[in-house]
Amino acid sequence: MTFLIAQLKRTIPFAKPTLIGALCLLVALAAPRARAAGLGDNAACHALQAKYPMFKGKTLVDALNPHTPGYEALDPNDPSHYIGFDIDLAEALGECLGFKLTYKPVTFAALLTTLQSGQADIVISDIYATSERAKAADFITYSKVFDGVLVVKDNPKHITGINQSLCGDTAAENTGFVEVPLVQNLEPICKSAGKPAPSLQLYDNNADCIQAILAGRADTYINDVNTVDQAVKAYPDKLSKAVAVTLPYSIGIAVPKTKREFRDAILAALVEVQKAGVETALLKKWALDAGSMEEPKILTQ
């Protein structure tokens with residue numbers, strides 16, 4: 001954009017700054033976002049567009065909570081755009097089925113209610129697919145879940161997971177996260193061991209949870225291991241990962257329960273995205289664990 005402004009100033013040297021800004025904005029709006037998936041000439045995707053022609057040429061709304069670096073976050077070089085694995089995956093699915101996307105940022109707890117209310121068509125935002133959440137939306141899963149335990153550097157409280165090591169400590173968690181009831185369920189276990197129950201601080205996004213540890217308000221944050229690794233990378237002198245734990249969930253794409261044809265189309269497109277090696281390439285691009293990818297399946301209630 002800086003280069004563009006310089007070129008415009010040379011071309012129309014007497015133009016007012018407001019005119020140059022308007023011209024730059026028009027150019028930016030007219031330029032489509034690059035799609036790096038390379039699915040435009042994929043024969044299987046062309047077949048899916050023929051099978052599901054009602055989605056081709058549409059612009060769909062993807063609800064997300066853009067506070068998970070590596071998955072979805074504001075582009076630091078262009079705050080009008082979002083970047084991350086989930087953004088690229090959404091664009092790849094759109095390229096395969098022929099639709100485009102706009103993004104609607106909401107709190108994590110509002111992701112599924114935004115979908116249910118019709119304000120969004122799809123949710124691709126590092127959301128764990130659980131039986132309880134499947135009552136509100138259908139899920140197409142695509143990745144295994146491994147949680148990391150984020151702690152203060154060198155783990156002075158010796159926290160080792162969602163177990164008795166948390167008794168008497170404070171966990172920062174996102175409102176609506178599956179880890180919240182898991183921590184709450186420790187209360188009788190801690191009490192039977194003669195220890196105080198853990199306490200919870202609830203926040204709307206990952207960034208606030210991480211800041212709670214940095215500020216000394218919380219002792220741990222338990223969430224997707226890649227998110228934890230990103231936090232340690234950002235604050236190597238202040239934070240550590242105590243351990244990684246496996247949870248019995250998958251990460252999934254949420255779609256309205258009333259739109260089964262759309263659900264089936266997304267499932268079929270996701271299969272082709274994986275076959276083409278796109279998901280593996282995106283995991284590598286965003287420094288995520290390639291071993292977390294799993295064969296897509298539907299979770300519904």
Run down I83, I140 and say which single residue is of a type outside the set (S, T, Y), within 26 Å of G38 (Cβ to Cβ) and without any contact (Cβ under 8 Å) to a residue 60 or more places away in the chain. I83
Scope region 235-250; condition more than 21 Å from K157 (Cα to Cα) and either surrounded by 22 or more Cβ atoms within 10 Å (Cβ to Cβ) or small (G, A, S) (or both); matching residues: S250
For region 138-171, the count of residues that are of a type in the set (A, V, I, L, M), within 22 Å of the chain's Cα centre (by Cα) and within 15 Å of V225 (Cα to Cα) equals 4
Single residue of D169, D121 found to be open to solvent by 10 Å² or more (accessible area, probe 1.4 Å), among the acidic types (D, E), over 30 Å from A268 (Cβ atoms) and touching a strand residue (DSSP E or B) at 6+ places or on another chain (Cβ under 9 Å): D169
Have a look at N206, N174, N223 and point out the one that is surrounded by 21 or more Cβ atoms within 10 Å (Cβ to Cβ), within 15 Å of L247 (Cα to Cα) and touching a strand residue (DSSP E or B) at 6+ places or on another chain (Cβ under 8 Å). N223
So, T107, is that one β-branched (V, I, T), open to solvent by less than 60 Å² (accessible area, probe 1.4 Å) and either within 15 Å of the chain's Cα centre (by Cα) or closer than 20 Å to R260 by Cβ (or both) or not? yes
Filter region 25-41 down to residues that are at pLDDT 50 or above and either small (G, A, S) or under 26 Å from the mean Cα position of the chain (by Cα) (or both), then give me how many there are. 4
Go through (1) closer than 24 Å to G148 by Cα; (2) of a type in the set (G, A, S); (3) free of Cβ contacts under 8 Å to residues at least 24 places away in the same chain and name the single condition G252 misses. (3)
In region 268-301, which residue that is at pLDDT 95 or above and among the hydroxyl-bearing types (S, T, Y) is surrounded by the most Cβ atoms within 10 Å (Cβ to Cβ)? T300
Identify, from the list A265, A231, A215, the residue that is open to solvent by less than 60 Å² (accessible area, probe 1.4 Å) and either touching a His at 6+ places or on another chain (Cβ under 9 Å) or within 27 Å of Q184 (Cβ to Cβ) (or both). A231
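The values are calculated or read from the model by the stated rules, or taken from the named source; none is laboratory data. Computed from a predicted model, the values in this text were never measured in an experiment. Note that each Cβ is placed from the backbone with ideal geometry, even for glycine, and that neighbours are counted across all protein chains shown. These accessible areas exclude ligands, DNA and RNA; they are computed on the full protein's heavy atoms, side chains included. Shrake-Rupley method; radii C 1.70, N 1.55, O 1.52, S 1.80 Å.
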